[in-house]
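Bear in mind these aren't lab numbers, they're just calculated from the coordinates by the rules spelled out. Bear in mind the structure is a predicted one, so any value in this text is a computation, not a measurement. Positions of Cβ are backbone-derived with ideal geometry, glycine not excepted, and every protein chain shown enters the neighbour counts.
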């Protein structure tokens, strides 16, 4: 059974920042990032049990971009909550403060 994914408002902000950043670098690159992210989110709904990195937060790296999806799972509700989408070059302590 597939899970449902919801995005925390802060994760939406993270995603928009990344899209804007890539769009500034090259026209259309922001849309490519968004398409790749959406592909990963669809995969996540089918197979959500990736490595727990900290405090019951799972992480899924995006291979084409230096970003990682941080999420929690509610197995009873079949719900994935995306807490953040961070650039992997950021200080990990910052991630933990946000989650």
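Within segment 1-49, the set of residues being surrounded by fewer than 15 Cβ atoms within 10 Å (Cβ to Cβ) and not in a helix (DSSP H, G or I) comprises 1, 2, 4, 6, 26, 27, 28, 47, 49. Scanning segment 40-51 for residues that are in contact with a strand residue (DSSP E or B) (Cβ under 9 Å, 6 or more places away or on another chain) and free of Cβ contacts under 8 Å to residues at least 40 places away in the same chain yields a count of 6.
Filtered by the rule that a residue be free of Cβ contacts under 8 Å to residues at least 60 places away in the same chain and within 20 Å of residue 79 (Cβ to Cβ), segment 8-38 gives 9, 12, 37, 38. Just so you know, in segment 56-70 the residues that are in a loop (DSSP other than H, G, I, E, B) and under 14 Å from residue 84 (Cα atoms) include one that is farthest from the chain's Cα centre (by Cα), and it is 56.
Against the list (1) touching a strand residue (DSSP E or B) at 6+ places or on another chain (Cβ under 8 Å); (2) surrounded by fewer than 18 Cβ atoms within 10 Å (Cβ to Cβ), the condition residue 54 fails is (1).
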